[in-house]
Amino acid sequence: MTNPASRHDVHRAIDAIWRTESPRVIARLARMLRDVGLAEDLAQDALVAALEHWPASGVPDNPGAWLMTTAQRRAIDRIRHDSLVRERHEQFGEALEPAPMGTPDDTARLDDDIGDDLLRLVFTACHPVLPVEAQVALTLRMLGGLTTAEIARAFLQPEPTVAQRIVRAKKTLAKKRVPFEVPRRDELPERLASVLGVVYLIFNEGYAATAGEDLMRPALCAEALRLGRLLAGLAPAEPEVHGLLALMELQASRADARTGPDGTPVLLPEQDRARWDRVLIGQRLASLERAVQLGGADGPYALQAAIAACHARAQTAEDTDWARIAALYGELAGVTGSPVVELNRAVAVSMADGPGTGLQLVDDLAGEPLLRDYHLLPAVRGDLLARLGRTDEACGEFERAASLTRNDRERALLLQRARDCQRG
């Protein structure tokens, strides 16, 4: 048996491994069982088994394979049990509805590429029998490995509301017996927008983690990028697919410069642009051009990619075309109606026209209900006040922003900015 300190370390390792491996495990089980909710339950059983065994035996060399094998054994046991129950009912002449699960023979077909399983899971969760909000919440829960609290914060909505959506979504998929598959080409359009939205949110959570000890969750970024590339192959004529892929990879090109050696966040103006991946930037500018050629220049992902391209093209922070970025945010706000986009536009306007103009726009958003507990509103306001020399007010805004964020790295940065203001 391990001592308490090492047990704590094992539990932390299990948590990190689970966040990375759970989407693959759930996707594999969902294909076996044809039941997304049951797949998640049995995957959780495998997690419980790891919590029981690994503190004593140690983390295995291939923890992902251990979790997958354990979960599959439970799934096969469940399939066999249900098959036996059906046989016994049939012996007594009871009429049963066909079960939505597969059979043990399904395990012979489980050597397909795991990426296909994950893509099937996304399309299943984004089935039109579910409301769009439920589609996104369910997929983030299973594929993104986000907690209900993290999803609620991403949507700027109460946690109980999101929890209810997820429960109802799983029940609906099971009741409707939604097939676990990538839809036919003629069915793609009705689901593609939701799928793109989910991949986008998964990438965002990886790029700027809602909570936890790290600013980024690189595994989520990598998963979103891989799914984006699969979608580009699946729907090559859809401009927003290329727009989203361009956006994610342009953002990813800056990932190495976003943190210091100790994990401390580095703000965009202070980043070492020599660490930006210029090869990747060149490739993704081509993807953006592809989206434009397909007629998607005014799509929400293409517009965001165009904003990211403005940053990517600037060799120094001073070279940034902030007027162009502000104009693009104006177009994006017209498409989305999002107050978060309006907040970003205010930042761009402040860089183009001065902090006073930007502050007026931010103050106009102060009564927006969706931004009431959004930590970046006071963070932006604090930055603008500091640039205007109103350091006492700025300090209070940074402290308020720090109290609202659940990300440890962001909180530390905001508190440091508050201390800097106090020093004058």
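Could you please report the charge total around ASP272, scoring K, R as +1 and D, E as -1 over all other residues with beta-carbon less than 12 angstrom from its beta-carbon?
So the environment of ASP272 carries a net charge of +2.
Taking the highest mean first, how do the peptides 391-398, 360-367 order by number of other beta carbon atoms within 10 angstrom per residue? Spell out each step's value before the answer.
Numbers: 391-398: 19.2, 360-367: 14.6.
Packing order, densest peptide first, comes out as 391-398, 360-367.
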Between LEU388 and THR161, what FRET efficiency follows from the Cβ-Cβ distance if R0 is 45 Å, with the result rounded to 0.05? 0.75
Between helix 239-252 and the chain: long-axis angle, C-alpha atoms, 0 to 90°, nearest 10: 70
Restricting attention to region 170-259, which GluC sites (Glu not before Pro) occupy a DSSP loop and are surrounded by at most 15 other Cβ atoms within 10 Å? GLU181, GLU213
Want the number for ARG423 to ARG313: 0.36 nm per residue separation, take away the alpha-carbon distance, what's left? 36.1 nm
Using alpha-carbon coordinates, inclination of helix 36-57 to the longest axis of the chain, degrees: 90
Just grab the label-to-label distance for VAL59 and ASP363, each label 7 Å out from Cα along the Cβ direction, in nm (one decimal). 5.1
Given the rule -39500 (n - 2.57) for each run of at least 4 DSSP H residues, summed and divided by the residues of the chain, what is its mean residue ellipticity at 222 nm, to the nearest 500 deg cm²/dmol? -23000 deg cm²/dmol
According to the Cβ-distance criterion of 4.7 Å, cysteines of the chain with no possible disulfide partner are CYS126, CYS221, CYS310
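Mind running the shape call on region 269-357? Use the C-alpha gyration tensor, a ≥ b ≥ c as the square roots of the eigenvalues: rounded below 1.5 for a/c, prolate if a/b tops b/c, oblate otherwise.
Values: a/c = 2.36, a/b = 1.06, b/c = 2.22.
Oblate, because a/c is 1.5 or more while a/b does not exceed b/c.
Sort 297-308, 281-292, 49-60 for me by packing, meaning the mean count of neighbouring Cβ atoms within 10 Å per residue, highest on top. The partial results should precede the final answer.
Details: 297-308: 23.6, 281-292: 18.8, 49-60: 15.1.
Per-residue mean Cβ counts within 10 Å order the peptides as 297-308, 281-292, 49-60.
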In degrees between 0 and 90, to the nearest 10, how far off the longest principal axis of the chain does helix 322-336 point, with axes built from Cα atoms? 40
Cβ-Cβ cut-off under 11 Å around LEU328, Lys and Arg +1, Asp and Glu -1: the net charge is -1
Using the crude model of +1 on Lys and Arg Cβ and -1 on Asp and Glu Cβ, and no other charge, please compute the dipole size for the chain relative to its Cα centre, in debye to 20. 340
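If I take every Cα pair under 8 Å that is 6 or more residues apart in the chain, average their sequence separation and divide by the length, what percent do I get for the relative contact order? Let's see the in-between values first.
Details: 576 pairs, mean separation 46.2, N = 424.
Averaging sequence separation for qualifying contacts and normalising by length gives 11 percent for the chain.
Given axes a ≥ b ≥ c from the Cα gyration tensor, I'd like to know whether region 291-338 is rounded (a/c under 1.5), prolate (a/b larger than b/c) or oblate.
On the way: a/c = 2.94, a/b = 1.49, b/c = 1.97.
It comes out oblate by the Cα gyration axes.
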Which of the peptides 131-138, 320-327, 259-266 is most tightly packed, and how do the rest follow, judged by the mean count of other Cβ atoms within 10 Å per residue? 131-138, 320-327, 259-266
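Dividing the alpha-carbon radius of gyration of the chain by 2.2 N^0.38 Å (N being the number of residues), what value is obtained? Present the calculation step by step, with values, prior to reporting the outcome.
Values: Rg = 23.7 Å, N = 424, 2.2 N^0.38 = 21.9 Å.
So the chain has a normalised radius of gyration of 1.08.
Please identify the trypsin sites (Lys or Arg not before Pro) of region 151-221 that satisfy two criteria: DSSP loop assignment and at most 16 other Cβ atoms within 10 Å. Which are they? Please report the intermediate quantities before stating the final value.
Working: sites: ARG153, ARG165, ARG168, LYS170, LYS171, LYS175, LYS176, ARG177, ARG184, ARG185, ARG191; in loops: ARG177, ARG184.
Here the trypsin sites (Lys or Arg not before Pro) that fit, given the DSSP loop and packing criteria, are ARG177, ARG184.
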Express in nm, to one decimal, how much length is gained between GLU187 and ARG275 on full extension, taking 0.36 nm for each residue of separation and deducting their alpha carbon distance. 27.5 nm
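Among the trypsin sites (Lys or Arg not before Pro) within region 354-424, which fall in a DSSP loop and have no more than 11 other Cβ atoms within 10 Å of their own Cβ? Don't skip to the answer; put the middle values down first.
Details: sites: ARG372, ARG381, ARG387, ARG390, ARG400, ARG406, ARG409, ARG411, ARG417, ARG419, ARG423; in loops: ARG372, ARG390, ARG423.
Answer by residue number: ARG372, ARG423.
From the P(r) of region 1-70, could you give the percentage of C-alpha pairs in the tail past 20 Å? Walk me through the intermediate numbers first.
On the way: 676 of 2415 pairs.
Beyond 20 Å sits 28 percent of the P(r) for region 1-70.
Compute the FRET efficiency between GLN293 and LYS176 as 1/(1 + (r/R0)^6), taking r as their Cβ-Cβ distance and R0 = 30 Å, and round to the nearest 0.05.
0.20
No value in this document is a laboratory result; all are computed from the given coordinates. Here the structure is a predicted model, which is why all the values come from computation and not from measurement. Note that each Cβ is placed from the backbone with ideal geometry, even for glycine, and that neighbours are counted across all protein chains shown.
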